[in-house]
1. 5 Å is the cut-off here: which amide hydrogens, built 1.01 Å from N in the peptide plane, fall below it relative to Y60, excluding neighbours closer than 5 in sequence?
2. Counting Lys and Arg as +1 and Asp and Glu as -1, each charge on the Cβ, what is the dipole of the chain about the Cα centre in debye, to the nearest 20?
3. What percentage of the solvent-accessible surface of the chain, computed with a 1.4 Å probe over protein heavy atoms, is contributed by carbon and sulfur atoms?
4. What is the sum of charges, Lys and Arg at +1 and Asp and Glu at -1, for the other residues whose Cβ falls under 13 Å from the Cβ of A13?
5. If the convex hull of the alpha-carbon atoms of the chain is projected onto planes in all directions, what is the mean projected area in square nanometres?
Amino acid sequence: MPGDEFTSKATVARYAQALDDLSDADRRRRLETLSAFARYVDRDPDQMIAEVFDEETRKYRKRGFYTDKAKEFAATYDEPRNAQLRRSNVIRAFFIANGRRLLPEQPDWMRR
């Protein structure tokens, strides 16, 4: 389980609250995935949420960056493509829990 410093961040706490209906093991896995992603992009979770959307202009500014990084991050794991998609969806869920959306990634069977 990620440390208290990580889980006490406002954005992580908000995401963790959305995981209340999951088992402790599943919740821990998702928080560990988020923590690993934050290290992968070398950013604090609060910083990720702050920079993905410009409150002043009300426009997304780094959504493509985080969408691409979520896919790259998941691909670093030696696991089937569907498992990688589930891993990147954990990152998307973090952004959604904090009122921001990343671009969806299509599973292989939906591509032409």
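1. Those qualifying (amide H under 5 Å, at least 5 residues apart or on another chain) are D54.
2. Values: 23 positive and 20 negative charges, 113 e Å.
Magnitude of the dipole: close to 540 debye.
3. Details: 3210 of 6910 Å².
Here carbon and sulfur together make up 46 percent of the probe-accessible area.
4. Working: positive: K9, R14, R27; negative: D4, E5, D20, D46.
Value of the local net charge: -1.
5. Details: hull surface 30.8 nm².
The orientation-averaged projected area of the Cα hull of the chain comes to 7.7 nm².
The values are calculated or read from the model by the stated rules, or taken from the named source; none is laboratory data. What you see is a predicted model, and the numbers here were worked out from it, not measured in a lab. Cβ sites come from the backbone with ideal geometry, for glycine too, and all protein chains shown count toward neighbours. Just so you know, the surface numbers come from the protein's heavy atoms only, side chains and all, with ligands and any DNA or RNA stripped out. Shrake-Rupley method; radii C 1.70, N 1.55, O 1.52, S 1.80 Å.
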